[in-house]
Amino acid sequence: MAVDLVDVHKHFGSVQAVRGVSLGIESGEIVALLGPNGAGKTTSIDMILGLSRPTSGAVSVYGIAPRQAISRGLVSAVMQTGGLLKDLTVAETLQYTASLFVDTEPTEEVLKRAGISGIADRMVGKCSGGEQQRLRFAMALLPDPELLVLDEPTTGMDVEGRRGFWAAIRQDAAKGRTVLFATHYLEEADAYADRIILLRHGKVVADGTAAQIKALSAGRTVRATLPGASRDELGALPGVDSVELRGDTVLIQARDSDEVARYLLSRTKAKDLEITARGIEEAFIALTGDGDDQAANTQGVLR
Amino acid sequence: MSSSVNPVAPDISQRRAPGLGGFNLTALGLEIRRFTRNRRTIIFALIVPIALFLLVGLNNKYVNQTDGEGNVSAFIMISISLYGAVLSTTAGGAMVSIERAAGWSRQLRLTPLSPAAYIVIKLLAAMVLGMVSVAAVFIIGSVTGKPVMPTGIWIASGLSVWVGSLVFAAFGLFLGYLLPTENVMQFLGLIVGLLGFAGGLFVPISQFPSVIQTIAKCTPLYGLNQLVHAPLLNQGVDWTWAVNVVIWLAIFAAGAIWRFRLDTGRV
């Protein structure tokens with residue numbers, strides 16, 4: 001197991017940033033930690049990297065404590081911002097970082113793989129945001145880590161920079177490196193991860209392959225007026241994700257909306273029936289948004 | 001993106017952590033190279049002490065007046081080299097504030113470098129800067145031929161100035177961890193100037209009123225200033241000077257460790 005979190009909690013004073021997260025990541029997986037700001041992504045990643053300790057629960061990386069895994073060069077990370085000295089050149093930053101590890105890849109090699117060979121002698125302070133992010137990526141590649149952790153790596157990049165950055169990561173991951181990245185861009189998780197873990201309010205609300213998440217988002221909402229509807233009866237229909245009752249109105253999230261519509265019109269007194277498509281964004285909002293209990297209902301489906 | 005999940009756990013037994021907590025000379029060398037690129041450290045380490053010596057130390061009045069085993073010009077050179085060394089090591093240590101502001105200290109925690117090894121690198125780099133500063137003033141002094149003292153005293157004075165400036169490398173680290181931003185570098189000249197004045201570096205404290213003298217004797221540069229001039233003056237060493245140095249070293253080191261722990265504990 002590359003990463004293993006068991007019932008991890010992290011409190012900052014009265015703020016509960018992570019509330020009982022358990023998850024395992026196998027070697028070779030490319031996993032997205034997806035969620036809105038404040039969902040607990042960065043806090044979880046900090047604990048995986050040994051930058052902070054859980055209030056309770058256990059975190060291990062390749063079966064050892066995160067700090068030990070870092071010391072042995074098993075894990076590297078590309079953080080969101082900062083972490084660079086303006087008064088060193090790109091190549092010097094890599095030399096400095098490399099000098100701290102036992103075994104590293106050659107500096108020229110990681111420069112090439114990060115696509116910044118041309119700016120090796122440039123001062124870091126003169127590099128663009130995208131170039132600095134590629135430098136962070138090159139630094140992370142130095143120890144040839146088994147696991148690469150990226151915390152919102154493309155924040156603040158333009159579309160072009162984002163595409164180039166992910167192309168480099170994708171090329172690298174093809175060799176079998178385990179990658180865990182946090183993002184709040186749904187498209188990014190969809191495009192680059194094999195598995196998506198959705199976080200909301202410090203809890204895992206969905207955990208599945210990208211395909212499963214897509215299937216979820218491909219569902220439709222069936223809405224009808226049906227006084228005295230039974231949540232249990234409708235929830236038992238095939239392909240139903242969740243059922244919501246608002247007075248006389250029922251809202252059914254379903255992957256097989258035709259079956260639900262057929263049932264409602266032929267077996268109940270439902271009227272005013274509407275079927276609307278649910279976009280991937282809506283699924284994401286439904287799963288991670290505030291004051292909405294659909295997430296809890298959906299969790300069982302995906303896990 | 002597609003990749004097959006590898007059911008075989010990677011062999012991590014070949015992976016080792018570095019010895020000495022990651023301490024190495026490449027990192028130390030790059031830290032020193034950073035000083036050469038920082039305008040402020042160059043000004044503190046070289047320009048200020050050399051200019052001060054050229055302005056004050058060459059006066060014929062001082063050259064012709066004997067002082068202990070040499071002349072007053074030598075006495076002044078030692079004072080100014082101490083001032084330069086203290087500015088240098090304080091600035092060198094305080095550069096951690098820039099690294100904290102830039103998130104570099106956090107980045108280093110994603111490497112095998114242990115916090116203790118990092119502190120050792122910072123202290124050694126600060127001491128190298130201090131050594132360069134002392135050497136520069138002494139070389140300029142010897143080139144001008146104005147300061148006069150026996151060779152052994154040149155060496156003893158230079159070494160005691162340099163070793164003593166370790167106290168202020170610790171002081172710099174303490175300030176660097178205490179104050180949150182790059183601003184700390186702007187206050188350094190002022191802080192060290194005040195300490196130098198109180199410690200009798202520029203004006204003998206015997207010229208102060210007696211109450212002020214007592215207070216001045218407790219300030220961090222007083223003991224060190226007395227000790228570094230002891231070889232030249234050859235009038236013995238007062239144990240209270242050494243106590244002053246040891247106590248301030250303990251205070252600054254304890255302060256640096258305390259702030260450092262808070263810094264690495266917080267994420």
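The numbers here are math on the coordinates, done by the rules we state, and not lab data. Bear in mind the structure is a predicted one, so any value in this text is a computation, not a measurement. Here the Cβ is made from the backbone with ideal geometry for all residues, glycine too, and neighbour counts use every protein chain on show.
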Any idea how many Lys pairs in segment A:3-214 come in under 23 angstrom at the alpha carbon, given 8 or more places apart or on separate chains?
9
Work out the FRET efficiency for B:T26 and A:T81 from their Cβ-Cβ distance, taking R0 = 41 Å, and round it to the nearest 0.05.
0.95
For segment B:67-156 (alpha-carbon point model, no solvent) the Debye-based log₁₀ I(q)/I(0) at q = 0.18, 0.25 Å⁻¹ works out to -0.79, -1.18
By Kyte-Doolittle mean hydropathy of at least 0.5 and Cα axial length of at least 27 Å, which whole DSSP H helices of chain B are selected?
B:72-94, B:115-144, B:239-265
Cα centroid of segment A:151-178 to Cα centroid of segment A:76-139, whole Å:
15 Å
Lysines within cross-link reach of B:K146: Cα-Cα under 23 Å, excluding same-chain residues under 8 positions apart?
B:K61
Could you work out the helix-only [θ] at 222 nm for chain A, with each DSSP H run of four or more residues adding -39,500 (n - 2.57) and the total divided by the number of residues, to the nearest 500 deg cm²/dmol?
-10000 deg cm²/dmol
Give, to the nearest whole percent, the P(r) tail of segment A:3-214 beyond 31 angstrom, counting all Cα pairs.
17 percent
Work out, step by step, the length gained on full extension between A:D248 and A:D7: first 0.36 nm times the residue separation, then minus their alpha carbon distance; give nm to one decimal.
82.8 nm
Can you compute the modelled spin-label distance between A:R170 and B:A51, with each label point 7 Å from Cα toward Cβ, in nm?
5.7 nm
Between A:M123 and A:R267, what length comes free when the chain is fully extended (0.36 nm per residue of separation minus the Cα-Cα distance, one decimal in nm)?
44.6 nm
Taking 37 °C and 0.692 mPa s as the conditions, I'd like the Stokes-Einstein D for chain B in µm²/s, using the Kirkwood hydrodynamic radius from alpha carbon pairs.
165 µm²/s
Debye intensity ratio I(q)/I(0), log10, the protein assembly as shown, q values 0.10, 0.11 Å⁻¹ (C-alpha model)
-0.88, -0.99
